Amino acid sequence: MKLAIVHDDLMRRGGAEQVARCFHYAFPEAPFFTLCYQPQDTYPDFKNCEVHTSWYQYLVKDEHQMKKLFFPLGILAMKQLDVTAYDVVLMSSTYCAKYVKMSPQALVINYCHQPFRLAWYPESYDDYNSATGLKKLSFKFMISNLRNIDYKSAQRTDFFIANTSETSLRIKEKYSFSKDIPVIYPPVVCHNFYVSDQIDDYYLVVTRLEYYKRVDLIIEVFNRLGYNLIIVGKGSKENDLKKAAKPNITFKSGLSKQELKDLYARCKAFVFPQLEDFGITALEANASGRPVVAFGQGGVLHTMIPYAGDVKKSTAIFFKEQELDSLIMAIKEMEQLYLNFDPKFIRNNAYRFDEHSFIKQIKDFVTEKYKTLKEKTRGDKEVADNMNYTNPLR
């Protein structure tokens, strides 16, 4: 089996990159193909991989530049990234991995974190919502083209894998995919985290600083409550968020692995206000034995055990609305209960999604589908040979 791994880009440390690095451990000999790669900005595991990038690599040096020029240059670059020499293409995709040039005979398996957000859910971006006039028309033109490209590219997929059942439904809806879509939950590297006996006086957020992550809501709440908050991450909204934050809110980025582990382990609780298909950071907090304050929609419904009277058998407190009063009530409740949660119970919850299980599931799925394809190909060849056979006695 000659297999290539394709990932959108290796320019950050996020949930999709966690999946991609586990693909490497499932198939350690397989090369990576990606739009851009900056080793210092993503997980160090990729330094052990054979990584091939598109020519777009030479135009952009960071995530901001990559996004700014993606339409149309990034699309063109990804379409020219050639994996036609491989008979299996395993993708980790949120947007452009499926644009690569593949052999028509290749088995294509796409682990889809979500349909391309900008193409199919542009309202989740502040720049789109606030645009008017000519800028709005330009956005609509771009999105129309992105949808067309994205839809056509998705049709090349033989098998989708979804990270949640909700994502599975979205894939079927947006890409008109009729086959069953299995769900394999994303991995959490539980051994990267530890439970501490020391709990310090702060709440924690770890996220990209983008509009749909709703860090603005957290800042508004903690500005009002005055509790200490540490926000770890970078993104296009960083400057605006820092300007809005009061002195009780601290921003950090570029942390070492140990520094991030310590922040997780010693926080009162982790705050997760966004709607996510899965939400690995909330489970990373659980792997550290810490409870989560989460917006009770999306992936957390599958991963968290909400407080309903028995704090010892809970991993999170949910709030119902993405608005100020709802989150304030949840934070105040957590302030009264955070010392009563059971760190061992919480950590065991995270182990349900540990990376070892994920790696095995992915390896088994790909191996099974490839074996089935080879058996079918062999059977088709035998039928063709029999049809072409000429009896010499006739």
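The values are calculated or read from the model by the stated rules, or taken from the named source; none is laboratory data. All figures in this text were calculated on a predicted structure; none of them were measured in a lab. Cβ sites come from the backbone with ideal geometry, for glycine too, and all protein chains shown count toward neighbours.
Yes/no matrix, rows are residues, columns are (1) within 30 Å of Ser103 (Cβ to Cβ); (2) assigned by TED's automatic domain parsing to the domain that holds Gly279:
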{"position": "Arg156", "(1), (2)": "yes, no"}
{"position": "Thr164", "(1), (2)": "no, no"}
{"position": "Arg170", "(1), (2)": "yes, no"}
{"position": "Val183", "(1), (2)": "yes, no"}
{"position": "Asp216", "(1), (2)": "no, yes"}
{"position": "Ile231", "(1), (2)": "no, yes"}
{"position": "Ser236", "(1), (2)": "no, yes"}
{"position": "Lys242", "(1), (2)": "no, yes"}
{"position": "Lys257", "(1), (2)": "no, yes"}
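The single condition among (1) farther than 24 Å from Ala20 by Cβ; (2) among the hydrophobic types (A, V, I, L, M, F, W, C); (3) in contact (Cβ under 8 Å) with a residue 12 or more places away in the chain that Ile181 does not meet is (1).
The set of residues in the stretch 14-30 being farther than 14 Å from Thr94 by Cα and either surrounded by 18 or more Cβ atoms within 10 Å (Cβ to Cβ) or not assigned by TED's automatic domain parsing to the domain that holds Leu81 (or both) consists of Arg21, Cys22, Phe23, His24, Ala26, Phe27, Ala30.
Considering only the stretch 245-267, I want to know if a residue exists there that is in contact with a Ser or Thr (Cβ under 8 Å, 6 or more places away or on another chain) and either of a type in the set (Asp, Glu) or more than 25 Å from Asp342 (Cβ to Cβ) (or both). The answer is yes, given that some residue of the stretch 245-267 is in contact with a Ser or Thr (Cβ under 8 Å, 6 or more places away or on another chain) and either of a type in the set (Asp, Glu) or more than 25 Å from Asp342 (Cβ to Cβ) (or both).
Considering the stretch 189-266, the qualifying helices (runs of 4 or more DSSP H), each wholly inside and each with 3 or more residues that are under 20 Å from Gly279 (Cβ atoms), run over 215-225, 257-266.
Among the residues of the stretch 37-66, write down those that are surrounded by fewer than 16 Cβ atoms within 10 Å (Cβ to Cβ) and in a helix (DSSP H, G or I). Listed by number, the residues that qualify are Pro39, Gln40, Pro44, Asp45, Lys47, Asn48, Trp55, Tyr58, His64, Gln65.
For Ile109, indicate whether it is in a strand (DSSP E or B) and surrounded by fewer than 23 Cβ atoms within 10 Å (Cβ to Cβ). Yes; evaluated as a whole, the condition is true for this residue.
Touching a Ser or Thr at 6+ places or on another chain (Cβ under 6 Å), at pLDDT below 95, farther than 27 Å from Asn239 by Cβ and in a loop (DSSP other than H, G, I, E, B) - does that describe any residue in the stretch 285-298? Scanning the stretch 285-298 turns up no residue that is touching a Ser or Thr at 6+ places or on another chain (Cβ under 6 Å), at pLDDT below 95, farther than 27 Å from Asn239 by Cβ and in a loop (DSSP other than H, G, I, E, B). Taking residues in the stretch 202-219 that are closer than 19 Å to Glu323 by Cβ and basic (Lys, Arg), and partners anywhere that are surrounded by fewer than 20 Cβ atoms within 10 Å (Cβ to Cβ) and modelled with pLDDT of 95 or more, the pairs with Cβ atoms closer than 7 Å and at least 6 places apart or on different chains are Arg214/Gln322. Among the residues of the stretch 279-299, just one is without any contact (Cβ under 8 Å) to a residue 40 or more places away in the chain, surrounded by fewer than 24 Cβ atoms within 10 Å (Cβ to Cβ) and within 18 Å of Asn163 (Cβ to Cβ), namely Gln297.
Per this entry, Ser93 is not counted among residues that are in contact with a Lys or Arg (Cβ under 6 Å, 6 or more places away or on another chain) and surrounded by 15 or more Cβ atoms within 10 Å (Cβ to Cβ). Taken together, Leu339, Leu373 contain a single residue that is touching a residue at least 40 places away in the same chain (Cβ under 8 Å), outside the structural domain of Gly279 (by TED's automatic domain parsing) and either more than 21 Å from the chain's Cα centre (by Cα) or part of a loop (DSSP other than H, G, I, E, B) (or both), which is Leu373. Going through (1) within 28 Å of Pro115 (Cβ to Cβ); (2) of a type in the set (Asp, Glu); (3) not in a loop (DSSP other than H, G, I, E, B) one by one, Glu321 falls short only on (3).
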